[in-house]
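Asks: Right, I'll just put the structure down here and ask away after.
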Amino acid sequence: MDTSCTYTGTYIFETLKSEILDLTIKPGEEIKEADICKRFSVTRPPVHTALLRLKDMALVTIKPYHGIHATLLDMDKVHQIIAMRSIVEAQILQDFISSKPDGFVVEELEHNIRLQRLMLKNQEPDRNAFFELDDNLHLIWFRHQHSETMWNIIQEQNSEYIRFCMLDYRGSIKYSDMVTEHEELLQAIKTRNKKNIATLIGMHLHNSLRRMGTKILNEYRNYVLPASESQHWTAFSERYYKHK
């Protein structure tokens, strides 16, 4: 077995995957095998292997005579992932508060949010770095509830949500709003206020949809497959704001 090709294929896969997720490669954009071969100075086999792995993850489509393209952002999937996270994460957070996290855990959360605030001092915050901090904050309460496997399952289904977040970062540029929402969640944790936690986390996760609003169907219409059940998901989202 040619281990160098295996390594190269893995490297190409990880690189292209990162570029699709952070929208360096835009939804719907064509990806040419010949260009990838030239870029990485490799023959077609490792590139083809990497592209097949991306196809298995639903990050690219490969169609004879039509070429290879980054998949469009499926808004039905985005709505479902946000809905699933809202339900699951509300329960995790309620259990986390009930466990009475000690000062070390609270400091871990506060430190993460301080780093987010520091990042906002940059004129153009690094989207990938901000997303990593955001992700790590949520991971803290999953980890302390011994639910890392649950978090990993969410992450495995998370590619549509990651790309939507990156579009939100680009389209709304409202990082400070996101940090404020994290601070509200932290305050609920510190005061052990479980009563409003489902509303807070639900709003936090759905606010990306509100921030983007009509931009999804206008400015970014070439990037997305519109939701076929938009009325259903709008009603689902609105219930969090009714209980604010």
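Asks: What is the helix-to-structure angle for 127-144, meaning the angle in degrees between its Cα long axis and the longest Cα principal axis of the chain, kept from 0 to 90 and rounded to the nearest 10?
Replies: The two axes meet at around 50 degrees.
Asks: Give the cross-link partners of residue 17 among the lysines, using a straight C-alpha distance below 16 Å as the criterion and excluding same-chain residues fewer than 8 apart.
Replies: Partners within reach: 26, 32, 55.
Asks: When the Karplus curve 6.51 cos²θ - 1.76 cosθ + 1.60 is applied with θ = phi - 60°, which whole-Hz ³J(HN,Hα) does each residue of the stretch 48-64 get, with x for Gly and Pro?
Replies: So the J values, rounded to whole Hz, are 4, 4, 4, 5, 5, 5, 5, 5, 4, 8, 6, 9, 9, 10, 10, 10, x.
Asks: Report, by chain and number, residues whose modeled amide H sits under 5 Å from the one on residue 74, excluding near sequence neighbours (fewer than 5 apart, same chain).
Replies: Placed amide hydrogens put 225 under 5 Å from residue 74.
Asks: Taking Cα atoms, how many degrees apart are the long axis of helix 3-21 and the longest axis of the chain, rounded to 10 and kept between 0 and 90?
Replies: For helix 3-21, the angle is close to 50 degrees.
Asks: Quick one, what does Rg over Rh come out to for the chain if you take C-alpha atoms and the Kirkwood Rh?
Replies: Rg/Rh for the chain comes to 1.01.
Asks: Can you work out ³J(HN,Hα) from phi for every residue in the stretch 30-41, in order, using Karplus 6.51 cos²θ - 1.76 cosθ + 1.60 and θ = phi - 60°, giving whole Hz and x for Gly and Pro?
Replies: Once rounded to whole Hz, the list reads 6, 10, 9, 4, 4, 5, 5, 4, 5, 4, 9, 6.
Asks: Residue 95 versus residue 18, label points 7 Å from Cα toward the beta carbon: distance in nm?
Replies: Between residue 95 and residue 18, the label points sit 3.3 nm apart.
Asks: Using amide H atoms built 1.01 Å from N in the peptide plane, name the residues 5+ places from residue 60, or on other chains, whose amide H lies under 5 Å from its own.
Replies: 55, 71
Asks: For the stretch 1-133, report the accessible area per residue in Å² (1.4 Å probe, heavy atoms, rounded to an integer).
Replies: With all protein chains present, the stretch 1-133 gives 56 Å² per residue.
Asks: Based solely on its DSSP helices, what 222 nm [θ] is calculated for the chain when runs of n ≥ 4 H residues each add -39,500 (n - 2.57) and the sum is averaged over all residues, nearest 500 deg cm²/dmol?
Replies: Taken over the chain, the calculation gives -22500 deg cm²/dmol.
Asks: Explain nothing, just compute: Karplus ³J(HN,Hα) = 6.51 cos²θ - 1.76 cosθ + 1.60, θ = phi - 60°, for every residue of the stretch 76-90 in order, whole Hz, x for Gly and Pro.
Replies: Running phi through 6.51 cos²θ - 1.76 cosθ + 1.60 with θ = phi - 60° gives 4, 5, 4, 4, 5, 5, 5, 5, 4, 5, 4, 6, 5, 6, 4 Hz.
Asks: Please compute the length gained on full extension between residue 62 and residue 187, using 0.36 nm multiplied by the number of residues separating them and subtracting their Cα-Cα distance.
Replies: 40.3 nm
The values are calculated or read from the model by the stated rules, or taken from the named source; none is laboratory data. No experiment lies behind these values; they were computed from the predicted model shown. Please note: Cβ atoms are built from the backbone with ideal geometry, for glycine as well, and neighbour counts cover all protein chains shown. For the accessible areas, the whole protein counts, side chains as well, though only heavy atoms, and no ligand, DNA or RNA atoms are used. Shrake-Rupley method; radii C 1.70, N 1.55, O 1.52, S 1.80 Å.
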